[in-house]
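See below for the structure under consideration.
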Amino acid sequence: MPAKTTKSPVRAAKPRPDEGLSIVVPVFNEAKGLPRLHERIAEVARFLHSKHSLAVEVVYVDDGSSDATSQTANALPAMPLDVQVVTLSRNFGKEAALLAGLDHARLGAILFMDGDGQHPPSLIETLVSRWLDDGYDVVYTAKAHRENEPWLRRTMVHWFYWLLNWRARLKIPEDAGDFRLLSPRAANALRQMPERNRFFKGLSSWIGFRQVRVDYEPAEREHGVTTWNIWSLVGLSVEALTSFSVAPLRVASLLGVVMAASALLFGAWIVMETVLFGEDVPGYPSLVVGLMVLGGVQLMMIGVLGEYIGKLLSEIKGRPVYFVAERTVKAADGPAKDSGKARPSPARAAE
Ligand code: UDP
Ligand code: MG
């Protein structure tokens, strides 16, 4: 499997399997596929336990599903791994669900994966081995290729990352997904990020430490349809851009300079024409075109500013990112309700 390493001055921490691994799975209307997914995760947990003596817990975060996801998750057998089910009070979105999982995970290392079967559980073993055997802190996966995606989407993704990483000190790797493993110290670092507008991929690359990439082939969704459409993707992109980069603001300033410079040149040209050649200035059309271009650009850039102001507003309001309606923990050897030492940060979550 090809793997790329980011250079890092950080020394490898000695990985400790006794700290255990929490597998966080956000689920939204996934009742149908959940039992099968759980079986596959349990199989991997059994293997990890025998190979690395690694204790494993799975945390299903039910993101306000309208089907039987919560009941299905609560009925899953806790063998050979602990099963924790965190039910949110409504649908808060995947990023919020991931944060809820991060806050409630009880074991040291954390692995995030989707609940629709697209992130193959068989790869978990590879990710864990890069942490335990090679000492990496962040093991992220990336789609090996995007050939099965439409051309337009591929091009848009490419441009999005170009803009996101434009002149940024920290480059967020293109194509990296949410399927990733964080060592205990990386998970703790991620918990300390206070922002409410979260772009998970960006944050977990921002924290640094020793990061490594693993390529994989995403599977087809096992059932149902993706919850993302073009608008929610555009929304996430705007969210990501405004939380991670000031590139849009810089583009605005740059555009301003270009416009002003061309207006100046155009002005000089008109003066020259009139003075040297005595020509009439053709006023009306150029005036209207100039006005419309300027007006349009200004409105667009006010919109960009507005995005940042909106972000400031939501950070200042400081609302919790999610609410937990119910939480159950089933230990591998017997049921228990609301036990375990979760670390929900009170500033971000309320129960
Ligand atoms: N998901 C969620 N909350 C939402 C939407 C999605 O927790 O509001 C979960 C969903 O159940 C799945 C994962 O996020 O486990 C990825 O969702 P999806 O498959 O729709 O996205 P894609 O794979 O197309 O990026
Ligand atoms: Mg999916």
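Taking every pair of alpha-carbon atoms in segment 149-217, give the share separated by more than 13 Å as a whole percent. Pairs farther apart than 13 Å: 70 percent. Excluding ligands, DNA and RNA, the accessible surface per residue across segment 232-295 is 68 Å² with a 1.4 Å probe.
In units of the compact-protein estimate 2.2 N^0.38 Å, segment 68-117 shows a Cα radius of gyration of 1.19.
The alpha carbons of the chain occupy a box of 95, 41, 37 Å along the principal axes, longest dimension given first. Legend: Rg and Dmax of segment 65-160, from Cα coordinates, 16.6, 45 Å.
Just check segment 71-228 against the gyration tensor rule for me: Cα atoms, a ≥ b ≥ c as the square roots of the eigenvalues, rounded for a/c under 1.5, and otherwise prolate or oblate depending on whether a/b exceeds b/c.
Values: a/c = 1.42, a/b = 1.21, b/c = 1.17.
Rounded.
You can think of it this way: the chain between Q118 and N229 has 38.3 nm of extra reach, that is 0.36 nm per residue less the Cα-Cα gap. Looking at the chain, do any whole DSSP H helices span at least 20 angstrom along their long axis by alpha carbon and average 1.0 or above on Kyte-Doolittle, and which? Qualifying helices: 230-244, 247-277, 283-317.
The values are calculated or read from the model by the stated rules, or taken from the named source; none is laboratory data. Here the structure is a predicted model, which is why all the values come from computation and not from measurement. Side chains included, ligands, DNA and RNA excluded: accessible areas come from the protein's heavy atoms. Shrake-Rupley method; radii C 1.70, N 1.55, O 1.52, S 1.80 Å.
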